[in-house]
Amino acid sequence: MGWLDRQPDSSVVFLCFGTHGCLEGDQVKEIAVALENSGHRFLWSLRKPPPKEKVAFPGEYENSEEVLPEGFLERTAEIGKVIGWAPQMAVLSHPAVEDLCRTVDGTRHWKVCGVGCRWPCGRCLQSSRPMRSCW
């Protein structure tokens with residue numbers, strides 16, 4: 001939370017894919033490239049997929065550089081932070097967080113209702129398409 005405290009209000013995009021959410025290596029690299037190219041401040045909760053033969057929650061990377069593009073952390077150090085598990089309610093209610101990029105769960109409901117986070121728009125609107133189409 002210390003990093004967020006040092007960011008201007010409404011300036012950070014929070015990327016979090018939920019309790020069960022994790023990305024494969026190619027997906028991680030694509031998101032990393034997009035974040036870097038955007039130039040926007042970001043906080044990314046990056047979780048390690050469980051082994052394919054196990055049904056388990058995502059874990060933590062010992063070293064996230066193993067899945068990120070080479071030099072990504074150094075190049076984005078001024079605008080972003082990659083972390084493991086995140087206290088979602090605390091992050092979402094922080095004044096620095098403006099946008100949320102996440103998935104919609106299986107019941108097609110947003111899990112952020114009631115924490116004062118504005119409705120998805122712009123960069124994150126595409127991820128809400130399944131939910132918007134069912135309403």
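Looking at (1) in contact with a helix residue (DSSP H, G or I) (Cβ under 9 Å, 6 or more places away or on another chain); (2) closer than 25 Å to H94 by Cβ; (3) of a type in the set (A, V, I, L, M, F, W, C), can you tell me which one V33 breaks?
(2)
What residue, among those in region 1-48 that are assigned to a strand (DSSP E or B) and charged (D, E, K, R), is surrounded by the most Cβ atoms within 10 Å (Cβ to Cβ)?
Checked region 1-48; the qualifying residue surrounded by the most Cβ atoms within 10 Å (Cβ to Cβ) is R41.
Looking at region 73-92, which of the residues that are crowded, with 16+ Cβ neighbours inside 10 Å and closer than 15 Å to D9 by Cα is modelled with the lowest pLDDT?
Checked region 73-92; the qualifying residue modelled with the lowest pLDDT is L92.
Assuming P95 fulfils every condition listed in (1) in a helix (DSSP H, G or I); (2) surrounded by fewer than 16 Cβ atoms within 10 Å (Cβ to Cβ); (3) in contact (Cβ under 8 Å) with a residue 60 or more places away in the chain apart from one, which condition is it?
The one condition P95 does not meet is (1).
Name the one entry in S128, S64 that is at pLDDT 80 or above, under 25 Å from Q7 (Cβ atoms) and hydroxyl-bearing (S, T, Y). Give the derivation first.
Values: S128 fails: at pLDDT 80 or above.
The match here is S64.
Could you check, for region 49-56, whether at least one of its residues is closer than 22 Å to V97 by Cβ and either assigned to a loop (DSSP other than H, G, I, E, B) or without any contact (Cβ under 8 Å) to a residue 40 or more places away in the chain (or both)? Walk me through how you get there before you give the answer.
Taking region 49-56 as the starting set, the residues that turn out to be closer than 22 Å to V97 by Cβ are none.
So far as region 49-56 goes, no, none of its residues is closer than 22 Å to V97 by Cβ and either assigned to a loop (DSSP other than H, G, I, E, B) or without any contact (Cβ under 8 Å) to a residue 40 or more places away in the chain (or both).
If E70 satisfies all but one of (1) within 22 Å of V97 (Cβ to Cβ); (2) surrounded by fewer than 14 Cβ atoms within 10 Å (Cβ to Cβ), what's the number of the condition it fails?
Among (1) within 22 Å of V97 (Cβ to Cβ); (2) surrounded by fewer than 14 Cβ atoms within 10 Å (Cβ to Cβ), E70 violates only (1).
What is the residue count in region 58-67 for residues that are exposed (fewer than 14 other Cβ atoms within 10 Å of the Cβ) and in a loop (DSSP other than H, G, I, E, B)?
Within region 58-67, residues that are exposed (fewer than 14 other Cβ atoms within 10 Å of the Cβ) and in a loop (DSSP other than H, G, I, E, B) number 3.
The values are calculated or read from the model by the stated rules, or taken from the named source; none is laboratory data. Predicted model, so just to flag it, every value in this text is computed and none were measured. Because the Cβ atoms are built from the backbone with ideal geometry, glycine has one as well, and the counts that use them run over all protein chains shown.
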